[in-house]
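For reference, the structure is listed below as structure tokens.
The values are calculated or read from the model by the stated rules, or taken from the named source; none is laboratory data. Since the structure is predicted, the reported quantities are computational estimates derived from the model, not experimental observations. Note that each Cβ is placed from the backbone with ideal geometry, even for glycine, and that neighbours are counted across all protein chains shown.
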Amino acid sequence: MDIQLKTFAELNLLPPLERALKEQNYKIPTPIQAKTIPPALEGKDILGCAQTGTGKTAAFALPILDFLGGDMRKARSGRPQALVLAPTRELAIQIGDSMRVYGKHLKLRTALVFGGVNQNKQVREMQRGAHILVATPGRLLDLMQQGHIQLDELEVFVLDEADRMLDMGFLPDIKRVISKLPSDRQSLFFSATMPPKIVELASQLLSSPFRVDVTPKKTSVKKIKQKIVYCERSEKVGLLHKLLRGEDVGRVIVFTRTKRGANTLAKKTEKAGVPVAVIHGNKSQAARQKALKAFRAKKVRVLVATDVAARGIDIDNVTHVVNYDLPNEPESYVHRIGRTGRAGAEGIAVSFCSGEELDYLDDIEKLIGIKIERDPNSVKPAWKPKPKQGGGQRRGGGSTSRRKGNHKGKRSKSSLGNSRSSKRGPKRGKRNTKENRRSVVA
């Protein structure tokens with residue numbers, strides 16, 4: 001399918017959706033949107049490889065809203081028609097917000113299900129009925145086990161940030177969710193990278209997918225100016241405070257490797273007279289949302305975070321990302337610096353590199369395929385062993401306590417695929433008739 005989509009108007013979306021897009025001043029789709037939305041509107045499975053900040057949410061949200069808005073079935077208690085699975089609470093909340101913004105003129109309900117908060121409100125929302133469910137894996141499985149959510153009437157399934165799910169240890173949970181999905185469904189699968197385990201999972205989930213790849217062969221973010229500042233560990237605090245005093249420095253996200261390091265750095269920065277918000281895995285959901293709200297509202301211009309927030313923050317006009325600590329996983333570097341330079345804007349990423357982190361830097365440059373510019377005023381430190389791991393994000397998201405053997409009713413590996421059953425054929429056929437509305441992009 002050779003798609004040359006130049007404007008959203010060419011999609012011939014439902015009038016309420018077009019109205020919402022006009023209100024948001026959406027005119028020209030991003031590459032991921034231009035390549036994904038037309039085949040998704042036709043009901044095709046999608047395998048998308050795209051970095052954060054590319055407009056990916058709209059790429060799957062608009063087809064879902066167009067389909068369900070044209071169908072206008074009543075939402076049934078505990079039985080969503082579309083499910084979007086996200087790795088973090090922050091990302092789930094932002095996806096839910098986007099669904100509501102784009103679908104504000106449609107009579108569709110979106111529910112959010114994630115951990116870290118009392119489940120009662122979420123249960124009530126599901127009992128009321130929701131057309132679209134946005135969820136994190138752990139809490140979704142909890143509510144499914146309690147009988148509050150059933151996926152037997154699901155029409156569309158979206159797995160977002162699949163590689164991040166893998167990093168966080170959610171693979172067993174994802175497979176348990178997939179095993180409960182109807183065989184006749186549309187599936188959209190998005191990942192910033194495609195390691196072997198992700199490719200294997202995609203092959204189990206998708207049926208003859210349309211492939212969308214807007215990630216360059218060598219992973220990087222072109223419009224972000226990247227710089228390495230060599231230093232000793234003891235010099236990092238002073239270097240950060242000096243950077244924050246720069247005239248061209250606006251909103252800044254500072255990444256540390258550990259939760260304890262984030263708290264310590266925030267205290268030292270506050271003491272230096274710079275207001276700071278902090279977000280990491282040990283913070284309550286309320287505290288994390290309060291921190292993000294303050295950062296968005298520009299009540300504070302510095303946000304200190306661990307990698308739990310690397311893919312869950314979607315905030316415009318972040319001028320700088322600072323890697324106070326280089327990540328021990330090179331893919332995290334790409335996701336971190338993707339918090340700046342979003343939606344085509346330019347950004348700056350500064351990374352402090354001590355002797356213990358030289359090996360991390362080598363791994364990052366191998367991944368992105370370029371040698372990052374060095375600050376000419378800094379001197380390369382002597383090599384030291386990598387720092388001991390610990391105090392960072394606990395992997396697995398609580399899934400380690402779940403049984404990993406065969407579950408009752410679990411399908412075989414081959415049955416995880418998206419085979420189309422005749423049982424739900426009329427529904428898919430109904431969707432395909434909508435192609436007549438889209439002759440412009442066909």
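What to note about this one:
- Filtered residues of the range 43-87 (kept if outside any helix (DSSP H, G or I) and of a type in the set (Ser, Thr, Tyr)): 52, 54, 77
Yes/no matrix, rows are residues, columns are (1) crowded, with 21+ Cβ neighbours inside 10 Å; (2) not hydrophobic (A, V, I, L, M, F, W, C):
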{"residue": "290", "(1), (2)": "no, yes"}
{"residue": "316", "(1), (2)": "no, yes"}
{"residue": "325", "(1), (2)": "yes, yes"}
{"residue": "353", "(1), (2)": "yes, no"}
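- Any chance residue 254 is in a strand (DSSP E or B), surrounded by 14 or more Cβ atoms within 10 Å (Cβ to Cβ) and not assigned by TED's automatic domain parsing to the domain that holds residue 91: yes
- Matching residues, the range 180-195, being at pLDDT 95 or above and among the polar types (S, T, N, Q): 186, 187
- Within the range 186-200, the set of residues being in contact with a strand residue (DSSP E or B) (Cβ under 8 Å, 6 or more places away or on another chain) and either surrounded by fewer than 23 Cβ atoms within 10 Å (Cβ to Cβ) or assigned to a strand (DSSP E or B) (or both) comprises 186, 187, 188, 189, 190, 191, 193, 194, 198.
- Yes/no for residue 91 being aliphatic (A, V, I, L, M), modelled with pLDDT under 95 and either crowded, with 21+ Cβ neighbours inside 10 Å or in contact with a Pro (Cβ under 8 Å, 6 or more places away or on another chain) (or both): yes
- Test: residue in the range 156-175 that is modelled with pLDDT under 95, among the β-branched types (Val, Ile, Thr) and in contact with a Ser or Thr (Cβ under 8 Å, 6 or more places away or on another chain): no
- Number of the exception - residue 214 against (1) surrounded by fewer than 18 Cβ atoms within 10 Å (Cβ to Cβ); (2) touching a Lys or Arg at 6+ places or on another chain (Cβ under 8 Å): (1)
- Cβ-Cβ contacts under 9 Å between residues 6 or more apart (or on different chains), taken from a first residue in the range 67-82 that is surrounded by 13 or more Cβ atoms within 10 Å (Cβ to Cβ) to a second residue that is acidic (Asp, Glu) and outside any loop (DSSP other than H, G, I, E, B), are listed as 81/71.
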